[in-house]
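Worksheet: one structure, shown below.
The values are calculated or read from the model by the stated rules, or taken from the named source; none is laboratory data. The structure displayed is predicted, hence computed values, not measured ones. So basically every Cβ, Gly included, is an ideal-geometry build from the backbone, and we count neighbours across all protein chains shown. Heavy atoms of the whole protein, side chains included, go into the accessibility calculation; ligands, DNA and RNA do not. Shrake-Rupley method; radii C 1.70, N 1.55, O 1.52, S 1.80 Å.
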Amino acid sequence: MASNLLAGKVGIISGALNEESIAWKVALKAHAEGARIVLTNAPLAMRMGEINKLAEQCNAPIIPADATSMEDLEKLFSGAQEHFGGKLDFVLHSIGMSANIRKGKHYGELNYEWFQKTLDVSALSFHKMLAVAEKQDAFNEWGSAVALSYIAAQRAFLDYTDMSQAKAVLESIARSYGQRLGKLKKVRVNTISQSPTKTTAGTGISGFDAFYEYANRLSPLGNAPAEACADYCISLFSDLTRYVTMQNLMHDGGFSTTGISEEIVELMSKANS
Ligand code: NAI
């Protein structure tokens, strides 16, 4: 049930590719909570055209931008401010891509050009967004920037390969830029570390179904669905979390602090009997 948590607020939402995308759900909820939004995605990703449906539902313009291009990002941030007739209250970074994962490269045979691309698309792009916002003085005071991360930043997950390093960099950028923007503009910067989620990016990882199921059985609350992740994003855009900054916030049903669960014990007992 919407309660106008974002009434009067305006922001940019990146990364809505299709109905499964976490960003898609964030956009719908932000709109329902009274925000006005601008949608963005890589020009290539928009060829499918699904985002037009979302734009219509949210009454939002789309400004295409490759998140690795400073030029595109400058146009995105200035275009959004022009559209709103003022500065921004929130930005969602919901962007990830690894050619090494797409091509099924294991950790010992990573292509380093692709590795650099992974870092650029999935992590440095967050720095670029915040740097453009700073240069354009694009945030209102008490604004909020959120990026989506994964626990492979802290723990080893074999098939997540170079995205593990990208997420570690992403979370570190949130801390460093959070310190800077907090001082400069009272803007908060956080990452949300989300459970495995069945989206295009998620299911592209080999072995995804197994670790989705494992995480689901380990977490006392089960895997957090995309809808709930969107709710968490909305709370971080709202005025109810104004002093939360420079954090990596676990949104994982308890996965990260669980050692073992009854379900996993049962499974292992069956396997051993
Ligand atoms: P998704 O595939 O729907 O979204 C990824 C988005 O990144 C797509 O919209 C894609 O077009 C965009 N993108 C890729 N390259 C880009 C570029 N150069 N410029 C601009 N946009 C670009 O998948 P999902 O799962 O919604 O991913 C959103 C975020 O959530 C990602 O950062 C992902 O790593 C993160 N995440 C996902 C989890 C999962 O299991 N699905 C778990 C934890 C975090």
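Things worth noting here:
- Meets criteria (within 13 Å of the ligand (Cβ to nearest atom) and either open to solvent by less than 50 Å² (accessible area, probe 1.4 Å) or of a type in the set (A, V, I, L, M) (or both)) for residue 157: yes
- Residue that is nearest to residue 37 (Cα to Cα) [pool: residues in region 206-244 that are open to solvent by 30 Å² or more (accessible area, probe 1.4 Å) and assigned to a loop (DSSP other than H, G, I, E, B)]: 242
- The residue list 68, 40 contains one member that is within 18 Å of residue 135 (Cα to Cα) and of a type in the set (Val, Ile, Thr), which is 68.
- Count of region 253-273 residues, restricted to those that are outside any helix (DSSP H, G or I) and surrounded by 11 or more Cβ atoms within 10 Å (Cβ to Cβ), is 4.
- When we screen 6, 76, 28, 39 for residues that are over 17 Å from residue 232 (Cβ atoms) and either surrounded by fewer than 22 Cβ atoms within 10 Å (Cβ to Cβ) or touching a helix residue (DSSP H, G or I) at 6+ places or on another chain (Cβ under 7 Å) (or both), the only hit is 39.
- Of all the numbered requirements in (1) more than 20 Å from residue 70 (Cα to Cα); (2) open to solvent by 40 Å² or more (accessible area, probe 1.4 Å), residue 135 misses one, and that requirement is (1).
- Number of positions in region 125-149 that are touching a helix residue (DSSP H, G or I) at 6+ places or on another chain (Cβ under 6 Å), among the hydroxyl-bearing types (Ser, Thr, Tyr) and either closer than 15 Å to residue 15 by Cβ or modelled with pLDDT under 95 (or both): 1
- Residue match in region 144-158 (condition: outside any helix (DSSP H, G or I), out of contact with any Pro (no Cβ under 8 Å at 6 or more places or on another chain), under 22 Å from residue 119 (Cβ atoms) and polar (S, T, N, Q)): yes
- Here residue 178 fits the description: more than 20 Å from residue 23 (Cα to Cα), assigned to a helix (DSSP H, G or I) and at pLDDT 95 or above.
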